[in-house]
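Colleague: Starting off with a structure, shown below.
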Amino acid sequence: MKKLFVVANWKSNKTKPEAIQWLQDVTSNIYHLSLDNKGIIICPPFTLLATIKSYIIDNTLPFKLGAQDVSPFTEGSYTGAVNAKQVKEFADYVIIGHSERQKHFHETEEQTSQKVSLARAHDLVPIFCIQRKESVIPKGVTIVAYEPVFAIGTGNPDTGENADVLAHHVKVKNSIPFVLYGGSVTGENVITFTGMPNIDGVLVGTGSLDSKEFLRIIANA
Ligand code: PGA
């Protein structure tokens, strides 16, 4: 059975009470599911990393934590930035290069590659997002998420076949072991992606915010 990643990208959503409610809902149902081959990674906003880390430990939840971004700089005078050493205090993974970072924060290729190298230097595993087959993938990336812009938050996912062809291409060209698909993944359509030979999991935005839908995605992946 291949390893599957199910990654929740909460984006800029949830307060602390909302996150705790979500965790409680998930905790009471997660043990009914078979998680043998599934690695679940929750990527909340920075403000919730500490709370969720404690909750995972206290309740021995089989989840890992990820951040949604990391500073392209080390520690120092960079107001508002959270650096890789700080993220590593809480998380093992970090999403880098999401198209929303490009669209709303004008993130450049140079910055994403700097983020990857600092993440790796601090033992964080980058989940590197690409939008196209031709996207440049920095050295040292082991998990790529293919997220076509037309599919993000639109309810209009790519097809499993297209995503699989792209995943195969990326794996061969860049020697990437794991390629995930992201964009309008639901409990209903997740298997059309995870059932493909070259797709190793999903990156889920909207579908991860509701605990019941997220559990459905895990169950059906
Ligand atoms: P979506 O977002 O599941 O809401 O389409 C996916 C993502 O942007 O990571």
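Colleague: So what are the radius of gyration and Dmax for the Cα set of the stretch 90-129, in Å?
Modeller: 10.0, 28
Colleague: Okay, moving on. Taking a threshold of 21 Å on the Cα-Cα distance, which of the pairs Lys2/Lys64; Lys139/Lys173; Lys139/Lys171; Lys64/Lys171; Lys53/Lys103 fall above it?
Modeller: Details: Lys2/Lys64 18 Å; Lys139/Lys173 12 Å; Lys139/Lys171 13 Å; Lys64/Lys171 24 Å; Lys53/Lys103 30 Å.
Beyond 21 Å between Cα atoms: Lys64/Lys171; Lys53/Lys103.
Colleague: At 1.4 Å probe size, with the rest of the protein present, what percent of the exposed accessible area of the stretch 2-107 is carbon and sulfur atoms? Intermediate values should be presented prior to the final figure.
Modeller: Values: 2780 of 5350 Å².
After summing per-atom areas, the C and S share lands at 52 percent.
Colleague: If you don't mind, another one. Using a Förster distance of 35 Å, how high is the FRET efficiency between Thr159 and Ser77, based on the Cβ-Cβ distance and rounded to 0.05?
Modeller: Working: r = 47 Å, r/R0 = 1.34.
Rounded to the nearest 0.05, the efficiency is 0.15.
Colleague: Hey, in the GNM for the chain with a 10 angstrom Cα cutoff, which one of Ser71, Ser208, Ser12 fluctuates hardest?
Modeller: Of the options given, Ser12 has the highest mean-square fluctuation.
Colleague: Starting from the Cα of His122, step 7 Å along the direction of its Cβ; do the same at Glu109; then give the gap between the two resulting points in nm.
Modeller: 2.6
Colleague: Now for a separate question. So what's the stretch 92-221 giving for Rg/Rh, alpha carbon basis, Kirkwood Rh from the mean inverse pair distance? Intermediate results must be reported in sequence, preceding the final value.
Modeller: Values: Rg = 14.1 Å, Rh = 14.8 Å.
Rounded to two decimals, Rg/Rh equals 0.95.
Colleague: Leaving out ligands and nucleic acids, and using a 1.4 Å probe, what accessible area per residue does the chain come to in Å²?
Modeller: On the way: 10590 Å² over 221 residues.
On a per-residue basis, 48 Å².
Colleague: Using a Gaussian network for the chain with springs between C-alpha atoms less than 10 Å apart, which of these wobbles most: Val204, Val172, Val70?
Modeller: Between Val204, Val172, Val70, it is Val172 that shows the largest mean-square fluctuation.
Colleague: Tell me what the chain gives for mean residue ellipticity at 222 nm when only DSSP H runs of n ≥ 4 count, each as -39,500 (n - 2.57), the sum divided by the residue total, rounded to 500 deg cm²/dmol. Provide the component values of the computation, followed by the final result.
Modeller: Values: 9 runs with 84 residues, N = 221.
Taken over the chain, the calculation gives -11000 deg cm²/dmol.
Colleague: Let me ask you something else. With the Cα gyration tensor of the stretch 1-106 in hand, convert its eigenvalues to equivalent ellipsoid semi-axes via √(5λ) and list them largest first in whole Å.
Modeller: Numbers: eigenvalues 134, 50, 36 Å².
Working through the eigenvalues yields semi-axes of 26, 16, 13 Å.
Colleague: When 1/r is averaged over all different Cα pairs and the result inverted, which Kirkwood radius in Å belongs to the chain?
Modeller: Kirkwood radius, the chain: 17.4 Å.
Colleague: Exposed loop GluC sites (Glu not before Pro) only (DSSP loop, at most 13 other Cβ atoms within 10 Å): please give the longest stretch of the chain free of them, not including the sites.
Modeller: Maximal segment without exposed cleavage sites: 1-74.
The values are calculated or read from the model by the stated rules, or taken from the named source; none is laboratory data. Since the model is a prediction, treat every value here as computed from it, not as a measurement. Heads up, the Cβs are rebuilt from the backbone with ideal geometry, glycines too, and the neighbour counts pull from every protein chain shown. Areas reflect the complete protein model, heavy atoms only, side chains present, ligands, DNA and RNA absent. Shrake-Rupley method; radii C 1.70, N 1.55, O 1.52, S 1.80 Å.
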